[in-house]
Each structure stands twice: as structure tokens, then as C-alpha cells.
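Below you'll find the structure, written out as C-alpha cells, and then a few comments.
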Amino acid sequence: MHTPSKPVRILAAATAAIAMTACAGRPVPAEATSAGVTAPVSAAPEVPATPAGRQLAWLLDASTRLPITDDELAGHFTADFLKNIPPAQLNQALAGFENLKLERVEQSHERELLARVLAGASAVNVVISVDADGLMSGLRFMAPDPTTWAEVDERLRTLSPRTGFLAAELTPDGRCRPLHGVAAGERRPLGSMLKLYVLGAVAERIRSGAFGWDTKLTITPELKSLPSGELQDRPDGSQVTVLEAAKLMISISDNTATDLLIHKVGRKAVERTMRAWGVNDQRNVPFLTTRDLFVLKGVDYPRHAKRYLSLNDAGQRAYLEKVVAKTPLSKFAMWSAPRELDTLEWYASPAQICRAYAGLVKLGDRRVGEVMSISDGGLGLDRAQWPTVWFKGGSEPGVSDAGFLARTKQGRTYVVTTMAIDPKAPIGAHVWLEQTALSRGAFALAKAS
């Protein structure tokens, strides 16, 4: 679940707080030797005297005096970029990259460059693309990709106190064939990765003929949750189709869309899907809506949480319907430190997340593929080599999870999941950057295996 106070993780349309793109900006290939592309620069860190270089110089300076005013941002980013990623969101994301120091320029072209910078003690690659007017059309921060499984393991150890990882091939018969794992069988909090199971339950009910992708759902006050998302801001009585809700649930992690879909299929349908896909954890029963979790953790905490956890299954279901559902979110207060991560969340292991992706693939519903392909989570794989990429992540204080499926142009499919959990402290923005880098490297290693 993406929670209201967590910096928005910006993607092309708004979901990952450290990978930022708008309009195309791709990394300059390390092997590029075409005219106008310089060889890697290893001398003193000088900023190229190019349009892209001038924006790098501005970025380095701007990182020392955040936040940047809207007017100044408008002088350095294209209108399309700022339409996709408004100034407030951009400043939120840049807050994770204060006081950048240039280490070296790796590749340079008139309108694009790749540089290595230091964000605190962490090395980060920054890719800048500019348009014909010299304004930034693409800005992307990336950790360097690992090149061996041993490097993956070493870097996983620095992510968080509790880390889970699995890279697996999804075989034609729907099995997950592990290629490399770390604590891959340990169940961790999922955050918004719960929405994989909601989507699965919805698609299964559609396949059974219960309703269709074009069935309309009505937004009512009792079904409104909190951000992330946008449906909570629409007028009461507004309608969305099941397909629109599913797209918003996955692409921008819309919590109200999620709860509308859970309400449509019923909690028990999602519980059945989880069990069918190999997740047997009593903590997932009853299956919580996002609104439920906001109330239990954010309204008069810990009163509701303690009472709920003291009850058996039947008692918990009754408490959700009779108490939690009637508790107004106007009393909600966001928590900043990890809270009840081992008792109040949704749970699965990296291996079980792979089975969830396998379950979604086996449904064979083109709409599922359409929904899951909207965002790549900032992964940035070469789409010529990886034409299909699915993504779902999840977060709350102390939780940062990322799950990707990618298919090669030859038709081989892989799933990579990283889970970073800290029960005592919030997860830093740099962790997400590292998770996407580890995932990107893992796909390359998996393909080569």
C-alpha cells in the first residue's frame, strides 16, 4: 500500500520516488561510439559545454537549495515533463538527492548525457535528455546494475535488516524455476503488492461470467480510501468501469480503486485467489481493504489495532464491518515509523509473488496484460530486447517491495522480486533506487543463464 505521506515514487505517470522520466530520456548506451558521443570521461569532473551539460550543472547547483520554485523549474524542464510530473512531485523526488557531487561524466552527447554523481555516500547514475530548446525532457536517477549474482547478494545485504529476493524463469507450463534467491521463501509485508491478488480475483470472476471489464462501479463515501490515487477525489456517486479501476489500481496504486474492486468480488474471493496461488498465511484472513489498514494503523492507534488483533477470524470480520467501516477517515493521522509490520499487513514471499505473476499469466486475459503493462516501475529495460514488462510495487513506513515480470523478444519470461523490510525505521529513498538496479541487473543475468 502506498501511504499518503511517503514521497511519491515517480514514473512516467507518477509512481516511483527516484526514477524520473517524462518524454523518452533513455540512458546513453555504454558501448555507444556513434558520431558526437564521447568516450567515458575519467579525468577531473568537468561538466560538458553542451545543452545537456548545462542542465547537469544546474541540477548539481539546484540540489544544494531544495525545494526549487515552480518558475525556476519551468525554466529547466519541458512543459510536457512538468505536466506529467508537477513541480510539487518533482521537488518531493529531488529531496532524496540533496547536495549532489559530480564524480565523473560517463557518456556525453549534445542533447543527452550519463554522469556518475554522489548522493551522500551512494554512487548514482543520472541520465539527462534535453529537447531542441535545451530544456530537460528526461531525467533519470539509477543505481549501477550488478553484473554477477555475487554482487547482487552483497548489495542485498545493505538494503535493509530483512531482505528477500528471487529471480526465476516462468516456464511455459506456468512454474517458477528459481535462478537465484535470498530468503525467497520468507513471507514479508506486501504493501500495494496485495493488488496483484485483487487483480487476479477480479479476472477470475470475469472469466466465470460474474461481471465484465465494462461493468460499472459506483464510488460511495464508505468505499473511499486515502491516497495514493485519484478516485477518492471524485464526487460521490461517480462511476468507473472495472477496467478503469484496475488500471488505476496497478498504474498509480489507487487505493480507492482497489477497495472498489475488493467490494465487487468480496474479501473471500481474494482470499481464495491467494490460497490458490500458494499463499497460506492466516494473517491475510480476513483480507483487509486499504481503508481497513488506514483505520487500524492510523485512527486512534493502537486502540483499534489491539482490539482487532485480539479477535478470532469471525470476530475480526465483524469488527471490520461494524466498527472499522463506520470509523471516519477524518480522524486519520499518518504514521512515520514502522507500525505492526508483522501483524497488520498483507503477506507473501518472493517465491509466492512469482506464483502470483504466473497465475496472472495463466489467466490468458489480454486485459490483465494491458493493465499490468501500463508502468514499468522505472526499470528501464531495453524494449527492443524486452517488449513486455509488468510491474507492481508496495510501500509503507518500513516496507519497500518491487516485483517485475519481463519477457524477451524470443518469448522467455522471467520474474524478479525484491523485498526490503525494516521493522524499526522507515526505508530510505535510496533503497528503491537500489531495488530497481538490482532487478535490472538480475534480468540480464537471468537471460544469460
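What is the order of Arg367, Arg175, fewest Cβ neighbours within 10 Å to most?
Neighbour counts put them in this order, fewest first: Arg175, Arg367.
Let's test the formula: R0 of 35 Å, r as the Cβ-Cβ distance of Arg303 and Ser122. What FRET efficiency results, to the nearest 0.05? According to the calculation, E is roughly 0.30.
Counting other C-beta atoms within 10 Å, which of Ser63, Ser208, Ser129 has the fewest, and how do the rest follow?
Details: Ser63 18, Ser208 8, Ser129 26.
Going from least to most buried by this count: Ser208, Ser63, Ser129.
Fully extending the segment from Glu110 to Ala276 would add 54.4 nm, taking 0.36 nm per residue of separation and subtracting the current Cα-Cα distance.
In this rough spin-label picture, where each label sits 7 Å from Cα along the Cβ direction, the Leu66-Lys322 distance is 4.8 nm. Note on the chain: with a GNM built from Cα contacts shorter than 10 Å, the maximum mean-square fluctuation among Thr417, Thr163, Thr171 falls on Thr171.
The modelled label-to-label distance for the pair Ala79/Glu103, using points 7 Å beyond Cα in the direction of Cβ, is 3.9 nm. Run lengths n ≥ 4 of DSSP H only: what is the helix-derived mean residue ellipticity at 222 nm for the chain, with -39500 (n - 2.57) per run over all residues, to the nearest 500? After summing the helix terms and dividing by the residues of the chain, the value is -10000 deg cm²/dmol. Net length available on complete extension from Gln410 to Met334 is 22.8 nm, with 0.36 nm assigned per residue and the Cα-Cα distance removed.
Multiplying the residue separation of Ser310 and Ser449 by 0.36 nm and removing their Cα-Cα distance gives an extension gain of 45.2 nm. Ranking of Cys176, Cys354 by neighbouring Cβ atoms within 10 Å, starting from the fewest: Cys176, Cys354.
Between Asp214 and Ser238, the simple spin-label model (points 7 angstrom out along Cα→Cβ) gives 2.2 nm. Quick check of the Kirkwood formula: for region 147-211, what is the inverse mean of 1/r over all pairs of different Cα atoms, in Å? Kirkwood hydrodynamic radius for region 147-211: 14.6 Å. Overall shape of the chain was characterised from the C-alpha gyration tensor. The equivalent ellipsoid obtained from it has semi-axes of 37, 24, 21 Å, in decreasing order.
Taken over region 205-343, the percentage of Cα pairs per 5 Å bin, counting from 0 up to the bin with the maximum distance, is 2, 9, 18, 21, 21, 16, 9, 3, 0. Charge dipole of region 37-147 (Cα centre as origin; +1 on each Lys and Arg Cβ, -1 on each Asp and Glu Cβ, all else neutral): 240 debye, rounded to the nearest 20.
Values in this text are rule-based calculations from the coordinates and carry no lab data. Owing to the predicted nature of the structure, the values given are computational and were not obtained by experimental measurement. Don't worry about glycine lacking a Cβ; one is built from the backbone with ideal geometry, like all the others, and counts go over all protein chains shown.
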